[in-house]
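Asks: First, the structure itself, so that you have it in front of you.
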Amino acid sequence: MTDLFPDTDLRHLNEVAASVGTPFYLYDASVLRARLDALRAALPAVDFFYSLKSNPNLSVAGVLHDHGAGCEVSSLLELETSLRAGATPDRILMVGPGKSMTELGRAVELGIKAIVVESAHELTQINQLAGDRGCVQDIALRVNPDFHAGGAKLNMSGRPTQFGIDQAELPAALTQVENCSHLRLCGLHAYMGTRILSHDTVVANVRNILDLAAELMPSLQDQLDFVDVGGGFGIPYYDGEAELDLDALGREVTPLVQSFAASHPQTRVVIELGRYLSGPSGQFVTRVQQIKHSKGESFAVCDGGSNVHVAAAGQGFLRKNFPIRLLRDGQITPQEEAVQPWTLTGPLCTPQDVIGKSVPMAAPKVGDLISIGQSGAYGPTASPVNFLGFGAPAEVMIDGASLTLVRGRDTVDARLAVQHPQDLRADSCSNPAVLADLYSTAPGNGLEGTAFAHPCLERLSGLQPLFRETGARLDRDPESWTALWENPTVRALTTIGVPEEFNGFALRDSGLGISDCSYGLHVAMVERLARFDANCILALPGPSLSGGAVLATGTEAQIARFFNGYRFGPQGTFFAVTEPNAGSDASNGRSTLGMKNGQLVLNGVKTLVGGIARADIGLFFAHIEETGRMGLVMIRPSDAPECVKIERLSTNGLRGADLCQMTLRDFPVTRDMILGSGGRSLRDGFMAINGVFERNRPMVAAMALGSGRGLIELMLEDPARLPSYQDLLARHTALLVQLVGVIRAQESGRPRVQDISRVKMQAVSFVDEVVRRITDQDPMRFLCDAELRRRCRDVKAFEYMEGTSNIHLLNAYRSYAAGVSQ
């Protein structure tokens, strides 16, 4: 059955095994696209949705979305995965018999194409959520019809089941929908069964479901937008099974769809498919670890078994063999070798860990690879990957000439990190953070399902003693930041934003239980760490603004030059824009890049935060005399130390930011040091850099909010003070909800400058009010507590975070101007 494998050069399997280890899954993007193309060719009038349950890998979903498929999701993670894959809400359906209020709330917030409703109670829940948000949510009713699918390997309708609303109960459900003012019925859904290989069965299902829809629609107030006839298309796994005949299916289903469309021109027919699209794209690869013979049977024990490929072990299937081949040195073992039956097992301590029984093959050797085809669906996420602690395997995608790791292998540290003990019966008053949470967080507060509710944030709590101690030391010694860098979790957090190929401190090794970090989660981490001490955040030698600018406008060589230092250790960076008497408006600056004695030289004076005194590389904003335009120049101060003078300046707060003045005198420059010298237009370059600035400003808001919350937690070390701060805790939560809106706008590529300005201004106002409350109501605590005094002083420094003394006026003007009609 070698035809049931992707047409992948077998040498690539050896390459992947050598690079990421075994076991692993390899997905072929070209197969994903080809499967969708074949469906469209056979059924051109049908709208196809990809069921993420079959394979929720972000890159798999991204390939299919980019090729035109919608996304059908069954959980909050699948919903967020679809968004991250590029799907817009109007191309997302949510299904499932037990959706939580958090999942429903997020779907309503987004306004997805439709929530597929499975019960009368769910109608009430969604109507309430939509009413709370003042919107109308589109829904579809999932029907459990009176007919069933005779040719499905697993029937899911037409019998007693947890799925959908019985056909006999539809009239009552339709009446309930009409009485729900915040719901709009836009679709009908039925899913008969799965692994259907007979086109006759699919045709009968489509006919029956469309007939049911046609029967119901005259009684509806409005025409339906779509009828989802399910899917369930199967793929062959075993000897004797044949591919579903798409040509025959198209010939018989297309007239049914056309006839339905003629009577109901506003209603599309939808088919949702998972296994059919993803299954043939993937193969599972494991390595032979041991060879043994027991009582007349031959065994090859592999490093991956039912723990990572439970389907091949027979769960949900008959106990038959998937397509299997033995690979050695990048080739299928020669057919002329003696063939005998072999049992293939995994490493588990159970006799049920069998992924191939009596497989006819040449004698395997230790180190050989076993490849199992038709494995792109219901693989690692459907398997008990944590059994015996082996963890999830690596997942790789091949797309033309590119090989990409699309999910890293689980690490021991990451899996231990989520087992941080928490005493559920502990007196909450003994923990100020817990006490604050009791009065500022509650179900329905708007943060559920957002980055600010991510479980990894709680794992940051172990850093609090380090941050508080180091924050105090930074006030006296700016070089104390090295204590932070010694912590592996802090190292990984510091290098967020460094491209993977240059990052020697991956998040998957951080102990936080994550392997990547979205923009929203990064903002949430900054807010949480600022509760401990914002001083420390500013002292960390990360890429910051300058790294974003290099990625936005730099050439490949400039990107490599800038980030290469992060392979091996810390690398301080700087972004030099602000000048004395000119603020952060670079157009008023006097720094210049000009010619002197036939050599380009840089001259100017900048005032900036970010540890420039210990920085290795950074960007310097200057007027380019040759063109009369502004430009960014990438410089290493160590390249010409005699031309650089750096002075630390005294500050009244946030001394970890290490405010300095840099003076350049005839610093030698070559043209390849001018950012974007590869030919990008000036306008495009400045637009990109402006985008970098706009993405940074919510970080400043997060630091302000976290700093304020941290001050409140300091005060709540005496629980009796809680009544004085309850309103501020509620305000903190409300501002986080606003910040969520700003983050989502950024992530969707549609940021609103006025919203960013408003939330940043309100965040700074919030932390100012926290300080005022502390000094007004508890002056003795303020006077007697050195840490409290220092951190109250620090929050007053947020004005110069953007390098200008009138930032509040600038933000107010931005907000005002955004609301003025043009």
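Asks: Looking only at segment 551-558, decide whether some residue is among the polar types (S, T, N, Q) and at pLDDT 90 or above.
Replies: Applying the first criterion (among the polar types (S, T, N, Q)) to segment 551-558 yields 553, 555, 558.
Then keep just the ones that are at pLDDT 90 or above; that gives 555, 558.
Scanning segment 551-558, I find at least one residue that is among the polar types (S, T, N, Q) and at pLDDT 90 or above, so the answer is yes.
Asks: Name the pairs: first residue in segment 730-746 and more than 16 Å from SER707 (Cβ to Cβ), second residue charged (D, E, K, R) and part of a helix (DSSP H, G or I), Cβ to Cβ under 7 Å, at least 6 apart or on different chains?
Replies: So the pair list comes out as GLY741/ASP755; VAL742/ASP755; ALA745/ASP755; GLN746/ARG695.
Asks: Oh, and also: Go through (1) of a type outside the set (Lys, Arg); (2) open to solvent by 40 Å² or more (accessible area, probe 1.4 Å); (3) more than 26 Å from VAL385 (Cβ to Cβ) one by one and return the number of the condition LEU58 breaks.
Replies: (3)
Asks: Now for a different question. Those residues that are within 19 Å of GLY547 (Cα to Cα), modelled with pLDDT of 85 or more and touching a Leu at 6+ places or on another chain (Cβ under 8 Å), I need them from segment 666-684; list them, please.
Replies: ILE674, LEU675
Asks: If a residue has to be in contact with a strand residue (DSSP E or B) (Cβ under 7 Å, 6 or more places away or on another chain), in a helix (DSSP H, G or I) and small (Gly, Ala, Ser) to count, how many in segment 202-243 make the cut?
Replies: So the answer is 1.
Asks: For GLN315, are the conditions met, namely being open to solvent by 10 Å² or more (accessible area, probe 1.4 Å), more than 24 Å from LEU13 (Cβ to Cβ) and under 31 Å from the mean Cα position of the chain (by Cα)?
Replies: Numbers: open to solvent by 10 Å² or more (accessible area, probe 1.4 Å): yes; more than 24 Å from LEU13 (Cβ to Cβ): yes; under 31 Å from the mean Cα position of the chain (by Cα): yes.
Yes, satisfied.
So that you can scan it fast, the table gives a plain yes or no per residue for (1) open to solvent by 40 Å² or more (accessible area, probe 1.4 Å); (2) in a strand (DSSP E or B); (3) touching a residue at least 60 places away in the same chain (Cβ under 8 Å):
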residue: VAL257; (1), (2), (3): no, no, yes
residue: ALA262; (1), (2), (3): yes, no, no
residue: TYR276; (1), (2), (3): no, no, yes
residue: GLY279; (1), (2), (3): no, no, yes
residue: PHE284; (1), (2), (3): no, yes, yes
residue: ARG287; (1), (2), (3): yes, yes, yes
residue: ILE291; (1), (2), (3): yes, yes, yes
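Asks: Taking segment 370-410 as the search range and keeping residues that are closer than 20 Å to SER74 by Cβ and small (Gly, Ala, Ser), which one is surrounded by the fewest Cβ atoms within 10 Å (Cβ to Cβ)?
Replies: Initially, segment 370-410 is screened for residues closer than 20 Å to SER74 by Cβ, giving 376-385, 392, 395, 407.
Checking which are small (Gly, Ala, Ser) leaves us with 376-377, 379, 382-383, 392.
Details: GLY376: 29, ALA377: 24, GLY379: 28, ALA382: 17, SER383: 22, ALA392: 20.
Applying the filter and picking the extreme gives ALA382.
Asks: Related question: Go through segment 90-184 and tell me which strands (runs of 3 or more DSSP E), entirely inside it, have 2 or more residues that are closer than 21 Å to GLN221 by Cα and at pLDDT 90 or above.
Replies: Values: elements: 92-94, 114-117, 137-144.
So the answer is 114-117, 137-144.
Asks: A further question follows. Determine the pairs where a residue that is farther than 17 Å from LEU277 by Cα, located within segment 4-29, has a partner that is assigned to a helix (DSSP H, G or I) with Cβ atoms under 8 Å apart, the partner being 6 or more residues away or on another chain.
Replies: PHE24/VAL16; PHE24/ALA17
Asks: Moving on. Within the bounds of segment 15-34, is there any residue that is within 30 Å of ARG184 (Cα to Cα), open to solvent by 10 Å² or more (accessible area, probe 1.4 Å) and among the small types (Gly, Ala, Ser)? Spell out the reasoning first.
Replies: If we filter segment 15-34 for residues that are within 30 Å of ARG184 (Cα to Cα), which is where we start, we get none.
No, because not a single residue in segment 15-34 is within 30 Å of ARG184 (Cα to Cα), open to solvent by 10 Å² or more (accessible area, probe 1.4 Å) and among the small types (Gly, Ala, Ser).
Asks: Could you check LEU36 against (1) in a helix (DSSP H, G or I); (2) under 17 Å from the mean Cα position of the chain (by Cα); (3) at pLDDT 95 or above and say which number it fails?
Replies: LEU36 satisfies all of (1) in a helix (DSSP H, G or I); (2) under 17 Å from the mean Cα position of the chain (by Cα); (3) at pLDDT 95 or above except (2).
Asks: Looking at segment 72-82, which of the residues that are within 16 Å of the chain's Cα centre (by Cα) and not β-branched (Val, Ile, Thr) is surrounded by the fewest Cβ atoms within 10 Å (Cβ to Cβ)?
Replies: Top of the filtered list is LEU77.
Asks: Looking at segment 446-477 only, could you name the residues that are in contact with a Lys or Arg (Cβ under 7 Å, 6 or more places away or on another chain), part of a helix (DSSP H, G or I) and crowded, with 19+ Cβ neighbours inside 10 Å?
Replies: Result: LEU460, LEU474.
Asks: In segment 562-572, is there at least one residue being assigned to a strand (DSSP E or B) and closer than 25 Å to THR495 by Cα? Give the steps one after another, and end with the answer.
Replies: Of segment 562-572, the ones assigned to a strand (DSSP E or B) are 572.
Cutting the leftovers down to closer than 25 Å to THR495 by Cα gives us 572.
Checked segment 562-572: at least one residue is assigned to a strand (DSSP E or B) and closer than 25 Å to THR495 by Cα.
Matching residues to (1) outside any helix (DSSP H, G or I); (2) out of contact with any strand residue (DSSP E or B) (no Cβ under 9 Å at 6 or more places or on another chain); (3) over 20 Å from GLU109 (Cβ atoms); (4) open to solvent by less than 50 Å² (accessible area, probe 1.4 Å):
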| position | (1), (2), (3), (4) |
| --- | --- |
| PRO698 | no, yes, no, yes |
| PRO723 | no, yes, yes, no |
| LEU728 | no, yes, yes, yes |
| ALA745 | no, yes, no, yes |
| GLY749 | yes, yes, no, no |
| ARG758 | no, yes, no, no |
| ILE774 | no, yes, yes, yes |
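Asks: Please work out which one of (1) of a type outside the set (S, T, N, Q); (2) under 38 Å from the mean Cα position of the chain (by Cα); (3) under 27 Å from SER281 (Cβ atoms) is the condition CYS349 fails and give its number.
Replies: If we test CYS349 against (1) of a type outside the set (S, T, N, Q); (2) under 38 Å from the mean Cα position of the chain (by Cα); (3) under 27 Å from SER281 (Cβ atoms), just (3) comes out false.
Asks: Let me ask something else about it. Looking for whichever is surrounded by fewer than 20 Cβ atoms within 10 Å (Cβ to Cβ) and closer than 23 Å to GLY376 by Cβ here; the options are ASP200, ASP245. Which one fits?
Replies: On the way: ASP200 fails: closer than 23 Å to GLY376 by Cβ.
Matching residue, one of ASP200, ASP245: ASP245.
Asks: What's the number of the only condition in (1) closer than 21 Å to ARG275 by Cβ; (2) of a type outside the set (Phe, Trp, Tyr); (3) not in a strand (DSSP E or B) that ILE355 fails to meet?
Replies: Just one mismatch for ILE355, condition (3).
Asks: Give the number of residues within segment 587-636 that are open to solvent by 20 Å² or more (accessible area, probe 1.4 Å), among the charged types (D, E, K, R) and touching a residue at least 40 places away in the same chain (Cβ under 8 Å).
Replies: 4
The values are calculated or read from the model by the stated rules, or taken from the named source; none is laboratory data. Quick caveat: nothing in here was measured; it's all calculated off a predicted structure. All Cβ positions, even for glycine, are placed from backbone atoms using ideal geometry, and neighbour counts span all protein chains on display. Each accessible area value is taken on the protein alone, full model and side chains, heavy atoms only, with ligands, DNA and RNA left out. Shrake-Rupley method; radii C 1.70, N 1.55, O 1.52, S 1.80 Å.
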